[in-house]
Amino acid sequence: MDWVTDPQVWMALVTLSALEIVLGIDNIIFISIQAGKLPVHQQEKARLLGLGLAMFIRVALLFSLTWLMGLTEPLFTVLGNDISGRDLILLSGGLFLIWKSTMEIHEKLEGVEGHTVTRAGATFGAVIVQILLLDIVFSLDSIITALGMANQLMVMVAAVVIAVAFMMLFSGRISAFVEKHPTLKMLALSFLLLIGVALIGDGLDMHIPKGYIYFAMAFSVLVEMLNLRMRRGVPVKLHSQYDDTKREEAVP
């Protein structure tokens with residue numbers, strides 16, 4: 001229980017919870033759009049159920065990946081470095097985060113506006129199945145991010161639960177705030193690049209102290225908060241893969 005009094009653990013919990021919330025905006029938007037295809041009296045139920053499923057999927061993935069990372073027996077050697085199952089997970093996770101964040105940044109800045117189309121007239125069961133399948137995809141970068149930022153399993157689980165509970169309460173407001181200040185989304189994606197590099201370093205036995213990463217993130221957030229207070233011009237408009245009219249209908 002020494003981790004309870006470790007300030008770095010609490011810093012990891014706060015930072016990871018905030019990142020999980022910001023990075024979960026796409027998940028919220030997708031769930032809201034899917035729920036928007038249902039009758040009004042079923043939409044809130046579908047949103048809450050979708051977010052609940054997302055939480056359970058992420059916690060299950062956390063436990064499975066954490067167990068796999070316990071596989072430290074060397075499998076082969078590359079350039080003098082012994083590569084174990086844990087190293088393979090860290091390396092593949094780091095590469096995935098770098099690829100994912102780079103593609104997301106490109107999508108937001110250079111992508112085609114509203115190219116993701118949703119079809120109306122779905123049943124409640126069909127909507128939940130689609131949400132469940134997409135939750136698995138959305139959960140991958142979230143879980144790999146948690147593995148890159150915290151060493152305690154319970155910290156990762158707590159961050160996921162806190163983030164999902166927060167999104168359940170404030171999903172509409174969170175989505176609207178990030179849409180109004182899209183630089184927060186870009187900042188979070190930049191953090192993913194940083195975490196991806198750290199994961200690759202860990203996989204190659206070149207450990208980067210977590211304190212440096214937390215400091216860089218905290219400093220960036222502080223600068224952005226000052227920018228938001230001082231900015232008086234027209235806000236940045238990022239490209240969205242979702243149709244804006246459907247999003248407005250889905251998020252009341």
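The values are calculated or read from the model by the stated rules, or taken from the named source; none is laboratory data. Since we're looking at a predicted model, the values are computed, not measured. Every residue, glycine among them, receives a Cβ derived from its backbone with ideal geometry; neighbour counts consider all protein chains shown. Accessible surface is based on the protein model in full, side chains and every heavy atom, while ligands, DNA and RNA are left aside. Shrake-Rupley method; radii C 1.70, N 1.55, O 1.52, S 1.80 Å.
Ligands, DNA and RNA aside, residue 207 has an accessible area near 120 Å² when probed at 1.4 Å. Between amide H atoms placed 1.01 Å from N, distances below 5 Å from residue 83 occur with 75, 76, 77, 78, all of them 5 or more places distant or on a separate chain.
Ligands, DNA and RNA aside, residue 224 has an accessible area near 20 Å² when probed at 1.4 Å.
For the pair residue 154 and residue 129, what calculated FRET efficiency results from E = 1/(1 + (r/R0)^6), where r is the Cβ-Cβ distance and R0 = 51 Å, to the nearest 0.05?
Numbers: r = 31 Å, r/R0 = 0.61.
According to the calculation, E is roughly 0.95.
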